[in-house]
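Read through the structure below, which is laid out as structure tokens, and then see the notes.
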Amino acid sequence: ALASGMSLKDAMLPEEYAEIITRYRNRQQGLPVRGHYETTIRCKDGIVLPVEASVATLKLQSGTATVVYFKEIALRKKAEVKIALHTKHIEAILTVAQMINQSPPMNKMLANALDKLNEVMGTKKSCLYLIDFENRCLQMKAYRGLTDKNVRRYSNMQLSEEQIQNLTRWKDPTTPFEDLFGRATNERLKAALARNKTRSYIMVPLTIKNKV
């Protein structure tokens with residue numbers, strides 16, 4: 001239901017209100033109109049929520065009445081975004097796996113893998129680390145779009161035994177960074193992202209000839 005004192009026009013974005021009025025007029029004239037669609041509603045506090053609209057008409061003695069039922073779908077839309085991102089992760093992994101199976105020279109393969117990851121994920125910057133089990137660290141083996149300063153700063157990252165175990169078991173691309181590296185390292189990552197004005201990051205686990 002709309003908040004008290006709000007008309008449908010107040011609750012709709014201008015472009016969507018115009019579309020709904022067009023549907024209403026066509027429905028009143030008996031023209032075929034979709035009775036189920038997604039739109040958005042603006043709450044009294046200004047927040048815009050995605051909703052699912054179900055519309056039906058009733059024949060009354062005084063004329064045709066339109067009945068509308070709105071269902072909030074914000075959680076469903078968030079889930080759809082998460083699924084779409086997960087699908088992209090899987091596509092990236094499969095694409096890189098195909099390249100790895102072609103067995104080109106390691107350096108060329110890693111560079112090609114990063115180019116393909118950027119293409120599939122729609123990213124501009126990327127790097128690829130391999131675990132050095134002997135020295136207990138992550139070593140940057142290839143990168144794209146990073147500054148020389150960042151390459152020097154993050155080329156070698158020491159790991160605890162727990163972090164190594166977490167990484168070797170890592171299969172799900174949606175696993176939070178903190179679950180793999182711990183809270184302290186996660187806070188350092190956030191600081192690094194802020195310094196480089198990076199809004200988001202994506203991690204994709206790969207296994208390359210027994211290397212992770």
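The values are calculated or read from the model by the stated rules, or taken from the named source; none is laboratory data. The structure presented is a predicted model; accordingly, all values stated were derived computationally and were not measured. Methodologically, a virtual Cβ is constructed for each residue, glycine included, from the backbone with ideal geometry; neighbour enumeration extends over all protein chains shown. Accessible surface is based on the protein model in full, side chains and every heavy atom, while ligands, DNA and RNA are left aside. Shrake-Rupley method; radii C 1.70, N 1.55, O 1.52, S 1.80 Å.
Bridging of Lys190 to aspartates and glutamates at a Cα separation below 19 Å is possible for Glu178, Asp179, once same-chain residues fewer than 8 apart are set aside. Under 30 Å between C-alpha atoms is the cut-off here; go through segment 1-90 and count lysine pairs that meet it, provided they're at least eight residues apart or on different chains. Eligible lysine pairs with Cα atoms under 30 Å apart amount to 14. Using bins of 5 Å that start at zero, the share of Cα-Cα pairs per bin across segment 1-72 amounts to 3, 15, 26, 26, 17, 10, 3, 1, in whole %. Of all aspartates and glutamates in the structure, those lying under 17 Å Cα to Cα from Lys197, and not within fewer than 8 positions of it along the same chain, are Asp148, Glu187.
In Å², what does the accessible area per residue of segment 133-176 work out to with a 1.4 Å probe? On a per-residue basis, 68 Å². Here each label is just a point 7 Å from Cα along the line to Cβ, and for Thr40 and Thr87 those points are 2.2 nm apart.
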